[in-house]
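The values are calculated or read from the model by the stated rules, or taken from the named source; none is laboratory data. None of the values given here were measured: they were computed from a predicted structure. Here the Cβ positions follow ideal geometry from the backbone for every residue, glycine too, while neighbour counts run over all protein chains shown.
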Amino acid sequence: MKTVNHWIGGKTVEGASGNYGPVTDPATGEVTTQVALASADEVDAAVQVAKEAYLSWGQSSLAARTKVLFAYRALLDANRDAIAALITAEHGKVHSDALGEVARGLEIVELACGITTQLKGELSTSVSNRVDVSSIRQPLGVVVGITPFNFPAMVPMWMFPLAVACGNTFILKPSEKDPSAANKLAELASEAGLPAGVLNVVHGDKVAVDALLAHPGIAAVSFVGSTPIARHIHTTASANGKRVQALGGAKNHMLVLPDADLDAAADAAVSAAYGSAGERCMAISAVVAVGAIGDELVEKIRERAEKIKIGPGNDPTSEMGPLITAAHRDKVASYVKGAADQGAEVVLDGTGFTVEGNEKGHWIGLSLLDRVKTDSDAYRDEIFGPVLCVLRAETYEEGVALINASPFGNGTAIFTRDGGAARRFQLEIEAGMVGVNVPIPVPVGYHSFGGWKDSLFGDHHIYGNDGIHFYTRGKVVTTRWPDPAEGHVGVDLGFPRNH
Ligand code: NAD
């Protein structure tokens with residue numbers, strides 16, 4: 001069996017704790033790999049390596065950093081297929097979707113290649129008599145990224161390229177469910193010339209995470225994962241004096257107004273609800289049909305959903321792959337099985353689905369639940385599977401109130417031909433990312449990504465300008481160079497005034 005070990009100080013470091021976690025191919029249900037799970041001592045050793053590397057990397061020139069980042073971009077580009085294959089083998093998503101994930105991660109590497117312009121400071125001359133003021137941003141030190149299973153390459157790439165471009169050194173703690181892509185990303189960074197110790201990968205579970213959160217050598221923590229863990233990370237790391245951004249779970253709504261192009265809306269709903277088997281934090285999991293369009297829209301979604309081909313991610317004809325684990329598949333199925341008892345109409349029931357020849361895979365079919373009640377489990381919880389809930393609202397106002405009552409506020413979308421309604425929606429909706437006729441409004445790399453309410457704990461969104469601010473701290477320098485001809489300023493006990 002393959003073993004995934006840590007990547008520390010520019011080389012593979014074998015796990016020393018004696019603890020390993022199983023990694024399963026979701027399409028076959030077979031354990032293919034074991035991943036080392038770090039102890040607190042191993043975490044400490046990695047922090048020491050990253051601290052040592054920071055001494056020189058934190059002082060390195062922007063030219064030296066961007067040289068590495070441009071080389072890294074080229075290597076990632078050449079290895080898109082290899083990274084995507086690793087993702088499919090451990091996550092299960094179809095190859096084309098895995099390639100999309102790599103492409104969206106590459107966007108942040110490209111942003112980091114332009115760090116020279118992003119880190120330019122500000123200078124005001126002559127703010128007072130011969131006094132100049134400059135604002136600069138400096139790196140934090142050793143920073144940590146803790147990432148979820150659903151984007152094993154993209155989410156780490158939301159973090160470390162900008163963090164190291166800003167001069168920090170980085171410890172990545174990937175999901176233990178699909179750990180291989182992280183090592184590949186780190187190996188390629190070394191090949192691109194990133195000095196040893198600048199980017200480290202420590203695998204592990206709660207033990208490793210808690211050791212990182214408590215470690216005095218860590219300056220900041222970026223987290224992406226479920227809401228309960230995001231809340232724990234934010235509380236614990238903040239209490240330990242660290243800067244934290246913790247992105248959590250979601251329940252993303254799509255509001256469809258009566259004037260919308262219903263075919264386009266149905267296409268978008270099916271793509272956004274069932275893509276990656278619904279295991280996306282920006283998946284649409286609730287459609288709110290406004291007015292009398294509900295029955296027609298549900299029928300159009302049903303027609304399309306029934307045609308989706310489910311199969312192994314490495315089969316080019318598959319459109320949707322399996323779920324990450326059998327336990328998660330069973331949990332997703334329980335929401336569909338309980339839906340009718342809680343008042344929903346089950347239009348499509350994907351439970352019990354299997355793929356011939358791969359019966360042990362973590363399969364589930366597509367489910368569509370109509371007239372879902374807002375107090376039902378299927379609506380209230382983030383199911384994180386291929387289950388789409390449809391709700392009905394009489395008016396635009398009722399639809400917006402329904403969406404704003406959700407504790408989550410990650411992404412949301414409106415489908416309409418009415419520009420005035422779309423404009424109102426942008427201003428009135430309580431979510432961090434809004435799509436207008438765009439179902440999954442994941443911002444491009446140079447605009448930051450982040451939700452509101454229980455979808456993000458902390459002040460900074462991730463990547464873009466917010467990312468650069470998160471991974472740096474400001475310093476303001478006030479300088480006076482007196483003209484020797486003018487002599488001394490003289491003693492003045494008053495508070496400095498500008499004149
Ligand atoms: P998760 O919260 O279970 O795990 C995320 C990370 O936290 C992993 O590295 C895991 O090892 C670690 N972890 C898990 N339990 C822990 C504990 N008790 N203590 C300390 N660390 C722990 O999330 P997941 O199941 O891997 O990913 C799916 C979730 O992530 C979904 O809720 C999804 O919405 C969310 N997500 C959010 C975004 C976003 O941008 N908001 C993006 C992707 C995924």
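For (1) modelled with pLDDT under 95; (2) assigned to a strand (DSSP E or B); (3) within 16 Å of the ligand (Cβ to nearest atom); (4) of a type in the set (Asp, Glu), each residue gets a yes or a no:
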| position | (1), (2), (3), (4) |
| --- | --- |
| LEU402 | no, no, no, no |
| ILE414 | no, yes, no, no |
| GLY445 | no, no, yes, no |
| ILE468 | no, no, no, no |
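Test VAL390 against the stated conditions and say whether it is part of a helix (DSSP H, G or I), over 19 Å from CYS281 (Cβ atoms), modelled with pLDDT of 95 or more and of a type in the set (A, V, I, L, M, F, W, C).
no
Return the pairs, sorted by first residue and then second, in which the second residue is among the acidic types (Asp, Glu), the first residue lies in the range 199-223 and is within 12 Å of the ligand (Cβ to nearest atom), the beta carbons are less than 6 Å apart, and the residues are 6+ apart or on different chains.
The qualifying pairs are ASP205/GLU176.
Return the pairs, sorted by first residue and then second, in which the second residue is among the charged types (D, E, K, R) and within 12 Å of the ligand (Cβ to nearest atom), the first residue lies in the range 141-158 and is within 17 Å of THR88 (Cβ to Cβ), the beta carbons are less than 6 Å apart, and the residues are 6+ apart or on different chains.
Cβ pairs passing all conditions: PHE149/LYS177; PHE149/ASP178; ASN150/GLU279; PHE151/GLU101; PRO152/ASP178; ALA153/GLU101; MET154/GLU101; MET154/ARG104.
For the range 308-336, give me each residue that is basic (Lys, Arg) and surrounded by 15 or more Cβ atoms within 10 Å (Cβ to Cβ).
ARG329, LYS331
Are there strands (runs of 3 or more DSSP E) fully within the range 1-110 with at least 1 residues that are farther than 30 Å from ILE364 by Cα and in contact (Cβ under 8 Å) with a residue 24 or more places away in the chain? List them.
Answer list for the range 1-110: 6-8, 11-13.
Restricted to the range 318-330, and to residues that are farther than 15 Å from GLY352 by Cβ and not in a loop (DSSP other than H, G, I, E, B), which residue is nearest to the ligand (Cβ to nearest atom)?
Top of the filtered list is HIS328.
Which condition number does GLU345 fail, the rest of (1) of a type in the set (D, E, K, R); (2) away from the ligand (no atom under 16 Å from the Cβ); (3) without any contact (Cβ under 8 Å) to a residue 24 or more places away in the chain being met?
(3)
Does VAL164 qualify as being more than 11 Å from the ligand (Cβ to nearest atom) and more than 23 Å from PRO22 (Cβ to Cβ)?
yes
Scan the range 416-443 for residues that are outside any strand (DSSP E or B), under 21 Å from the mean Cα position of the chain (by Cα) and either more than 16 Å from the ligand (Cβ to nearest atom) or not β-branched (Val, Ile, Thr) (or both) and jot them down.
Residues satisfying the conditions are GLU430, ALA431, GLY432, VAL438, PRO439, PRO441, PRO443.
Suppose we filter the range 449-461 for residues that are under 17 Å from PRO161 (Cβ atoms), within 11 Å of the ligand (Cβ to nearest atom) and assigned to a loop (DSSP other than H, G, I, E, B); how many remain?
Total satisfying the criteria: 1.
Check the range 441-461 and report whether any residue there is loosely packed, with under 14 Cβ neighbours inside 10 Å, among the polar types (S, T, N, Q) and more than 24 Å from THR374 (Cα to Cα).
no
Evaluate the range 250-268: report whether one residue or more is within 12 Å of the ligand (Cβ to nearest atom) and not in a strand (DSSP E or B).
Yes, there is a match, as at least one residue in the range 250-268 is within 12 Å of the ligand (Cβ to nearest atom) and not in a strand (DSSP E or B).
Can you tell me which residue is farthest from the chain's Cα centre (by Cα) among those in the range 234-249 that are more than 21 Å from ILE468 (Cβ to Cβ) and near the ligand (Cβ under 9 Å from one of its atoms)?
THR236
Would you mind finding the one in VAL155, VAL143, VAL127, VAL131 that is out of contact with any Gly (no Cβ under 9 Å at 6 or more places or on another chain) and under 25 Å from GLY10 (Cβ atoms)?
Within the list VAL155, VAL143, VAL127, VAL131, the selection yields VAL143.
Considering only residues of the range 288-306 that are out of contact with any His (no Cβ under 9 Å at 6 or more places or on another chain) and not in a helix (DSSP H, G or I), which is nearest to ALA268 (Cα to Cα)?
Once the filter is applied, the top-ranked residue is ALA289.
Please state which one of ALA265, ALA305, ALA292 is buried (at least 24 other Cβ atoms within 10 Å of the Cβ) and in contact (Cβ under 8 Å) with a residue 24 or more places away in the chain.
Sole residue among the options that is buried (at least 24 other Cβ atoms within 10 Å of the Cβ) and in contact (Cβ under 8 Å) with a residue 24 or more places away in the chain: ALA265.
Going by the structure shown, is LEU172 within 16 Å of the ligand (Cβ to nearest atom), part of a strand (DSSP E or B) and not charged (D, E, K, R)?
Yes.
Of all residues in the range 269-287, how many are part of a loop (DSSP other than H, G, I, E, B) and not hydrophobic (A, V, I, L, M, F, W, C)?
Going through the range 269-287 one residue at a time, the tally reaches 2.
I want to confirm something. Restricting to the range 46-62 and keeping residues that are hydrophobic (A, V, I, L, M, F, W, C) and under 21 Å from ARG137 (Cβ atoms), which single residue is surrounded by the most Cβ atoms within 10 Å (Cβ to Cβ)?
ALA50
Collect the residues in the range 393-430 that are crowded, with 22+ Cβ neighbours inside 10 Å, in contact with a helix residue (DSSP H, G or I) (Cβ under 8 Å, 6 or more places away or on another chain) and more than 16 Å from VAL256 (Cβ to Cβ), keeping them in residue-number order.
Answer for the range 393-430, where residues must be crowded, with 22+ Cβ neighbours inside 10 Å, in contact with a helix residue (DSSP H, G or I) (Cβ under 8 Å, 6 or more places away or on another chain) and more than 16 Å from VAL256 (Cβ to Cβ): just PHE408.
Here are the criteria: (1) closer than 26 Å to LYS251 by Cα; (2) β-branched (Val, Ile, Thr); (3) out of contact with any Phe, Trp or Tyr (no Cβ under 6 Å at 6 or more places or on another chain). Tell me which single one ILE462 does not satisfy.
(3)
Determine whether the range 134-143 contains at least one residue that is away from the ligand (no atom under 14 Å from the Cβ), modelled with pLDDT of 95 or more, assigned to a loop (DSSP other than H, G, I, E, B) and farther than 20 Å from ALA74 by Cα.
Yes, the range 134-143 contains at least one residue that is away from the ligand (no atom under 14 Å from the Cβ), modelled with pLDDT of 95 or more, assigned to a loop (DSSP other than H, G, I, E, B) and farther than 20 Å from ALA74 by Cα.
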